[in-house]
Amino acid sequence: MSATMDTRPATRVLIIEDHTLFAESLELALSLEGYDVRRLALPEVGGSMATLRSTALRSNARIVLLDLDLGRFGDGMSLIAPLARDGANVVVVTASTDHGRWGACMRQGARKILSKGRPLQETLSTVRRLHQGLPVMTSDELERLLDAWRSERMVTEDMRRRLELLTPREKQILGSLIEGHNVREIARSCVVSEATVRTQVKSILGKLEVTSQLAAVGLAPHVGWQHTS
């Protein structure tokens, strides 16, 4: 009596990861479990996030393991929504510990967020469950991540509101501080006294509700603020 062979094609898994050793470990482990594993090559020269997106969509992967920090290509989060709309189960595997960012990924359509600090077996288990059509996240886990996203969004919006309180000259000075210029250099370039610049810096700190230039310089880029002259 002959055994019936399973002729169904293996589930395709796409890995989008810029750390070669980690990507190769995932590829080997998943291949040994019988999955059709593809690794999206991130070119050292040329290419763009749009190119990566197009290539990922053409892969027709059922499961995508996605890193968020893709080196010079930037934030991998922008790949989640188009892949999810195309029917892929996107699993974010990241070194980031920012749960607000994790929540943002879930809003974009990710099925699960996994920390790179956890055992590889957790990633393999998640892929197995998705392959079997089983849930990979509880409603409580999802709500906690969405709560973290909401909280972070409120903080970000408050920071942006404070930045909008700055006058055009104060924005110019903050931009110079972010670029690494000190008070003396700013005074020289603006043809004003150092005392005037220090007064304006003090006003900036007050409006931003921070106590140091370092905090002000760190706050602005955190919310994506850029001074345009």
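Quick notes on this structure:
- Condition met for Met49 (open to solvent by less than 40 Å² (accessible area, probe 1.4 Å), over 16 Å from Gly109 (Cβ atoms), modelled with pLDDT under 95 and of a type in the set (A, V, I, L, M, F, W, C)): yes
- Members of the stretch 196-223 found to be within 28 Å of the chain's Cα centre (by Cα) and open to solvent by 60 Å² or more (accessible area, probe 1.4 Å), listed by number: Glu209, Gln213, Leu214, Pro221, His222
- Among all positions in the stretch 154-162, there is at least one residue which is of a type in the set (A, V, I, L, M, F, W, C) and surrounded by 14 or more Cβ atoms within 10 Å (Cβ to Cβ).
- Flag if Leu145 is part of a helix (DSSP H, G or I), touching a strand residue (DSSP E or B) at 6+ places or on another chain (Cβ under 8 Å), open to solvent by less than 60 Å² (accessible area, probe 1.4 Å) and on the phi < 0 side of the Ramachandran plot: yes
- Look at the stretch 13-36: where a residue is without any contact (Cβ under 8 Å) to a residue 60 or more places away in the chain and farther than 20 Å from Ala95 by Cβ and a partner is open to solvent by 50 Å² or more (accessible area, probe 1.4 Å) and of a type in the set (D, E, K, R), sitting 6+ places away or on another chain with Cβ atoms under 9 Å, you get Asp36/Arg12.
- Qualifying residue in the stretch 188-195 (condition: surrounded by 16 or more Cβ atoms within 10 Å (Cβ to Cβ) and either without any contact (Cβ under 8 Å) to a residue 24 or more places away in the chain or over 30 Å from Ala29 (Cβ atoms) (or both)): no
- Residue that is modelled with the highest pLDDT, among those in the stretch 63-118 that are within 11 Å of Glu17 (Cα to Cα) and among the acidic types (Asp, Glu): Asp67
- Check on Gln108, surrounded by fewer than 16 Cβ atoms within 10 Å (Cβ to Cβ) and either under 22 Å from Arg12 (Cα atoms) or in contact with a Leu (Cβ under 9 Å, 6 or more places away or on another chain) (or both): no
The values are calculated or read from the model by the stated rules, or taken from the named source; none is laboratory data. What you see is a predicted model, and the numbers here were worked out from it, not measured in a lab. All Cβ positions, glycine included, derive from the backbone under ideal geometry; neighbour counts span all protein chains shown. Calculation scope for accessible area: heavy atoms of the full protein, side chains included, ligands and nucleic acids excluded. Shrake-Rupley method; radii C 1.70, N 1.55, O 1.52, S 1.80 Å.
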